[in-house]
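First the structure, which I've put down as structure tokens, then a few questions once you've had a look.
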Amino acid sequence: MPTSSIRELTDNAVDPKVRGYLHLPETPDGDGIVLTHGAGSSATAPLLVALAETFSANGFTVLRCDLPYRQSRSFGPPGPSDAARDRAGLKNALAALRKIVSGRLFLGGHSYGGRQSSMLCAEAPDSAAALLLLSYPLHPPRKPEQQRTQHLPDLRTPTLFVEGTRDPFGSIAEMERALKMIPAKTRLMVVEGAGHDLGFKGKAKLGMLPSQIVSALVELIS
């Protein structure tokens with residue numbers, strides 16, 4: 001028997017509009033999470049789908065959504081001018097999910113989506129009860145001097161980081177140093193041998209990783 005149902009969700013009444021997929025658990029616990037994608041991807045990314053299914057199986061109502069830049073164009077990365085609007089889109093996605101759930105709201109994203117999620121919470125600490133940052137892009141590959149840490153000292157939202165040991169966007173040692181800048185409660189989950197995609201290429205999945213991520217986030221905020 002399926003543990004959740006999935007339906008498309010679109011809210012054109014707000015700007016930026018909300019577009020994504022809503023996972024409705026069979027036995028909801030009242031909590032919800034918004035999940036979003038990296039720079040070259042979309043809400044249909046295998047990692048997001050697997051996580052959404054696992055969160056939903058554990059009682060979470062899940063909205064995996066396309067950021068505004070992806071709604072505007074079907075391929076290619078975001079530009080520098082897209083960031084503020086993408087954060088506004090995440091704020092609207094959280095508001096859309098709030099209409100459905102009465103409990104805690106969480107926010108998660110892969111790479112660029114995670115960075116924008118963390119920046120939103122640094123700007124507005126009450127946006128989410130906790131953050132899930134998958135493969136946070138600490139710096140561009142081979143450019144460790146270009147650290148993306150300016151907002152981290154303002155981040156007061158409990159945050160779970162999930163990082164692969166072969167991620168060119170930041171080593172584990174670099175991530176550990178970055179986490180020391182954050183005044184909130186944090187945890188770093190290390191995925192051995194994984195790159196920036198955390199092992200989710202096509203339909204390939206890294207074992208029990210989704211379940212481990214859900215358990216770690218629940219533990220972080222319990």
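Values quoted throughout were computed directly from the atomic coordinates according to the rules given, and no laboratory measurement underlies them. These numbers were taken from a predicted model, which means no experiment stands behind them. Glycine also receives a Cβ, built like all others from the backbone with ideal geometry; neighbour counts cover every protein chain displayed.
Each label point is 7 Å from the Cα along the Cα-to-Cβ direction; what then is the distance between the points at residue 100 and residue 154, in nm?
Each label point lies 7 Å from its Cα, and together they span 3.0 nm.
Going by Cα centres, region 78-125 and region 131-203 are how many Å apart?
Each part's Cα centre sits 17 Å from the other's.
I've got another one for you. Under a Cβ-Cβ cut-off of 10 Å, what is the net charge of the residues other than residue 78 that fall near it, where Lys and Arg count +1 and Asp and Glu count -1?
Values: positive: 70, 73, 85; negative: 82, 86.
Local charge sum for residue 78: +1.
What is the dipole size for region 4-221, taken about its Cα centre, with +1 at each Lys and Arg Cβ and -1 at each Asp and Glu Cβ, in debye to the nearest 20?
It comes to approximately 320 debye.
Can you sort 11, 197 by how many other beta carbons sit within 10 Å, fewest first?
Fewest to most other Cβ atoms nearby, the residues stand as 11, 197.
Once you list every other residue whose beta carbon is under 11 Å from the beta carbon of residue 191, what net charge do they have if Lys and Arg are +1 and Asp and Glu are -1?
Value of the local net charge: -3.
Positive end of the dipole of region 4-221, charges at C-beta (+1 Lys, Arg; -1 Asp, Glu), about the Cα centre: which of 43, 136, 71 has its Cα farthest in that direction?
Of the candidates, 71 comes out farthest on the positive side.
Which is farthest toward the positive dipole end of region 74-222 among 183, 108, 96, measuring Cα position about the Cα centre, with Cβ charges +1 (Lys, Arg) and -1 (Asp, Glu)?
Checking the options against the dipole of region 74-222, the answer is 96.
Answer rounded, prolate or oblate for the chain, using the Cα gyration tensor with square roots of eigenvalues a ≥ b ≥ c: rounded when a/c is under 1.5, else prolate when a/b is larger than b/c, else oblate.
Since a/c stays below 1.5, the shape of the chain is classed as rounded.
Right, here's the next one. If a/c stays under 1.5 just call it rounded; otherwise compare a/b with b/c (prolate if a/b is bigger, oblate if not). Do that for region 122-222, with a ≥ b ≥ c from the square roots of the Cα gyration tensor eigenvalues.
It comes out oblate by the Cα gyration axes.
Further question on the same structure: Sequence gap at least 6, Cα distance under 8 Å: using those rules, report the relative contact order of region 4-221 to the nearest whole percent.
17
Looking only at 104, 19, 73, which one moves most when the chain is put into a Gaussian network model with springs between Cα atoms under 10 Å?
Judging by the Gaussian network model, the answer is 73.
Taking other Cβ within 10 Å of each residue's Cβ, how do 135, 222, 111 sort, fewest first? Intermediate values should be presented prior to the final figure.
Details: 135 27, 222 5, 111 24.
Going from least to most buried by this count: 222, 111, 135.
By DSSP, what percent of the beta bridges with both residues in the chain are antiparallel, rounded to the nearest 5?
30
What's the exposure ranking of 208, 119, going from fewest to most Cβ atoms within 10 Å?
208, 119
A further question on this structure: Between 127, 211, 74, where does the largest GNM mean-square fluctuation fall for the chain, given springs only between Cα atoms within less than 10 Å?
Of 127, 211, 74, the Gaussian network model singles out 74 as fluctuating most.
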